[in-house]
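**Student:** This structure is in structure tokens; I'll ask about it shortly.
The values are calculated or read from the model by the stated rules, or taken from the named source; none is laboratory data. Given the structure is predicted, the values throughout are model-derived calculations rather than measurements. FYI the Cβ positions are ideal-geometry reconstructions off the backbone, even for glycines, and counts take in every protein chain you see. Please note that ligands, DNA and RNA were not included when accessible areas were found on the heavy atoms of the full protein model with its side chains. Shrake-Rupley method; radii C 1.70, N 1.55, O 1.52, S 1.80 Å.
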Amino acid sequence: MRDLSLYILDLTMNSIRAQATLVEMNVIELEQKSLLMIKVKDNGQGMSEEMIDRVRDPFFTTRATRKVGLGIPLLTAMASRCEGEVFIDSKIGVGTTVTLKIRLDHIDRPPFGDIHNTLISLIYLEPIIDFNYTHRSEECEYQFKTQSIKQVIGEVPINHSAIIEWMKKELEAGDFSFTSY
């Protein structure tokens, strides 16, 4: 995958397939420690210990439409290239948390990519699911929560075109400078 937003999208799509109603995406940049942490947490079906071991195998998937599942193996390979690790914590009936920790300043670290359009696409395609996105650095923190927006807009669908346009502007205006190496 070319950028980190695509890894986040892949992990979030796994959460959606696991019937999550809430997906939390956290990006933490700690320049002083040269640490980038990305955590995607859901309240989906969860996985057994056996399943957690199997999802790292590129020739394993729970999907019937194809015979390979490359998301977690590609994430693990990227983490290895960037002197990092991938941790998976899951409990059946509770949900799953996938955490990526890599060196922020590593030459092989992919760029962040277009996380704004990734979020907008997810919200547009899955309006019933609640998405929380937090991006934190040592200087500031930005949060974007669909539950808050849904409370304000009431009966208007969150994927209504006017709401989507407003959210795009909010994401662009509220964003702080992402580190770009």
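**Student:** Filter the stretch 23-35 for residues that are surrounded by 14 or more Cβ atoms within 10 Å (Cβ to Cβ) and in contact with a Ser or Thr (Cβ under 9 Å, 6 or more places away or on another chain) and give the result.
**Tutor:** Val23, Glu24, Met25, Asn26, Val27, Ile28, Glu29
**Student:** Select, from Ile115, Ile102, the only residue that is open to solvent by less than 40 Å² (accessible area, probe 1.4 Å), modelled with pLDDT under 95, touching a helix residue (DSSP H, G or I) at 6+ places or on another chain (Cβ under 6 Å) and under 23 Å from Thr76 (Cβ atoms).
**Tutor:** Ile115
**Student:** If a residue has to be at negative phi, open to solvent by less than 50 Å² (accessible area, probe 1.4 Å) and modelled with pLDDT of 80 or more to count, how many in the stretch 37-92 make the cut?
**Tutor:** 22
**Student:** Being free of Cβ contacts under 8 Å to residues at least 24 places away in the same chain and closer than 26 Å to Leu36 by Cα narrows it down to one residue among Lys145, Lys150; which is it?
**Tutor:** The unique qualifying residue is Lys145.
**Student:** Here's something else I'd like to know. Could you tell me whether the stretch 120-137 includes any residue that is touching a Gly at 6+ places or on another chain (Cβ under 8 Å) and either in contact (Cβ under 8 Å) with a residue 60 or more places away in the chain or closer than 23 Å to Leu36 by Cα (or both)?
**Tutor:** Scanning the stretch 120-137, I find no residue that is touching a Gly at 6+ places or on another chain (Cβ under 8 Å) and either in contact (Cβ under 8 Å) with a residue 60 or more places away in the chain or closer than 23 Å to Leu36 by Cα (or both), so the answer is no.
**Student:** While we're looking at this one, here's another question. Any idea which residue in the stretch 1-22 is nearest to Leu70 (Cα to Cα), counting only those that are of a type in the set (S, T, N, Q) and surrounded by fewer than 16 Cβ atoms within 10 Å (Cβ to Cβ)?
**Tutor:** Per the criteria, the residue is Gln19.
**Student:** Please specify each residue of the stretch 138-160 satisfying the condition of being surrounded by 12 or more Cβ atoms within 10 Å (Cβ to Cβ), in a loop (DSSP other than H, G, I, E, B) and in contact with a helix residue (DSSP H, G or I) (Cβ under 7 Å, 6 or more places away or on another chain).
**Tutor:** Val156, Ile158, Asn159
**Student:** Here's something else I'd like to know. Against the conditions (1) at positive phi; (2) modelled with pLDDT under 95, where does Gly95 fall short? Just the number, please.
**Tutor:** Tallying (1) at positive phi; (2) modelled with pLDDT under 95, Gly95 fails exactly one: (2).
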